[in-house]
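Here the structure comes first, spelled out in structure tokens, and everything after it is commentary.
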Amino acid sequence: MQALLEVTLPVFLVIGFGYLAVRFRAFSDAGVDGLMKFTQNFAIPCLLFRAISTLDLGQTFEWPLLLSFYAGATAGFVAGILGARMIFNRPWPDSIAIGFCCLFSNSVLLGLPITERAYGAGALAANYAIIAVHSPFCYALGITTMEIVRHGGRGIFTMIKAVLTAMFRNALVIGIALGFAVNLTGTQLPGVFTEAVDLMVRAALPAALFGLGGVLVRYRPEGDLLTVLFICAVALGLHPAITWSLGSAFGLEPAPFRSAVLTAAMAPGINSYIFANMYGVAKRVAATAVLVATALSILTVSVWLTILG
């Protein structure tokens, strides 16, 4: 209960403020669109750029950390596809989109603020290491699998082009890439520039959480409820459980272990719906899964925090 009140509840209250503001028309849909465009295309890329440009890459990018998280994510992707296909008899493209919901944790909008509230800003280095790989890995896996299912006969070069085009249109990926470029080249940025970027960074998470609440108003709780609950079970249970098991087996230090498990325990992100919408498949299920899993994670994340101690 203490974890719920002190760590998770304030984060979800900000989401709730956004939801209620839009639901009762105190904040417009157009305002939400503008806010989300600002956060996802500018403020959060700035946050990732600054974080990665200053990370100690040798200390932060540990293979046990990344393997623990991404093996769990990949297992969730496979479980989502097979469950959708074999249990719920969905078409293959729908199954890939459902698998993507199980793959793509909300590592930024939920993972960062909850980890920071639970363990402090100094505990976020491992989160940033996971996030640096997150969008490239998930989009590469999801798009490649979808392109194989839909257009496998077009050839490998067409699929590679589709994957790279989708990835490098993503502002988060661009921010991550620029952060790596500054870090690896040792470029010293002017102080006035970093102060300006830091102003953007400070606006990123609160604005994004409020905007997320506004976006969730559009996602009505409809669609195949059993399929949605299956997605929730995989995303909120299976993924963090596998990450916990592998992290324990690899002997991860407490800080990266907590970051990996908590990030794995986050609900599917809005990117899950964006992916489904991009291909025009399983959109209603993906939207409902984002809404329901975000609501359920108020409780499930608190459970994981209690287990982590």
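The values are calculated or read from the model by the stated rules, or taken from the named source; none is laboratory data. In this text the structure is predicted, and so the values were computed from the model without any measurement. With ideal geometry, Cβ positions are generated from the backbone for all residues, glycine too; neighbour counts draw on all protein chains shown. We work out accessible area using only protein heavy atoms, side chains counted, and drop any ligands, DNA or RNA first. Shrake-Rupley method; radii C 1.70, N 1.55, O 1.52, S 1.80 Å.
Things to note:
- Which listed residue, of Ser95, Ser107, is of a type in the set (Ser, Thr, Tyr), crowded, with 19+ Cβ neighbours inside 10 Å, more than 30 Å from Thr8 (Cα to Cα) and modelled with pLDDT of 90 or more: Ser95
- The single residue among Gly186, Gly191, Gly179 that is small (Gly, Ala, Ser), at pLDDT 85 or above and either open to solvent by less than 40 Å² (accessible area, probe 1.4 Å) or under 17 Å from the mean Cα position of the chain (by Cα) (or both) turns out to be Gly179.
- Filtered residues of region 195-224 (kept if without any contact (Cβ under 8 Å) to a residue 12 or more places away in the chain and aliphatic (A, V, I, L, M)): Ala196, Leu199
- Any helices (runs of 4 or more DSSP H) falling wholly within region 227-299 and containing at least 1 residues that are out of contact with any helix residue (DSSP H, G or I) (no Cβ under 7 Å at 6 or more places or on another chain) and closer than 19 Å to Ser135 by Cβ: 270-279
- Residue within region 241-250 that is open to solvent by 10 Å² or more (accessible area, probe 1.4 Å) and polar (S, T, N, Q) present: yes
- Some residue of region 67-81 being surrounded by fewer than 24 Cβ atoms within 10 Å (Cβ to Cβ) and farther than 25 Å from Ala97 by Cβ: yes
- Across region 257-309, the number of residues qualifying as over 14 Å from the mean Cα position of the chain (by Cα), of a type in the set (Ser, Thr, Tyr) and open to solvent by 10 Å² or more (accessible area, probe 1.4 Å) comes to 4.
- Met86, sole failed condition from (1) over 16 Å from Gly269 (Cα atoms); (2) surrounded by 15 or more Cβ atoms within 10 Å (Cβ to Cβ): (2)
- Region 114-125: number of residues that are in a helix (DSSP H, G or I) and open to solvent by 10 Å² or more (accessible area, probe 1.4 Å): 8
- Yes/no for Leu13 being open to solvent by 70 Å² or more (accessible area, probe 1.4 Å) and within 19 Å of Thr300 (Cβ to Cβ): yes
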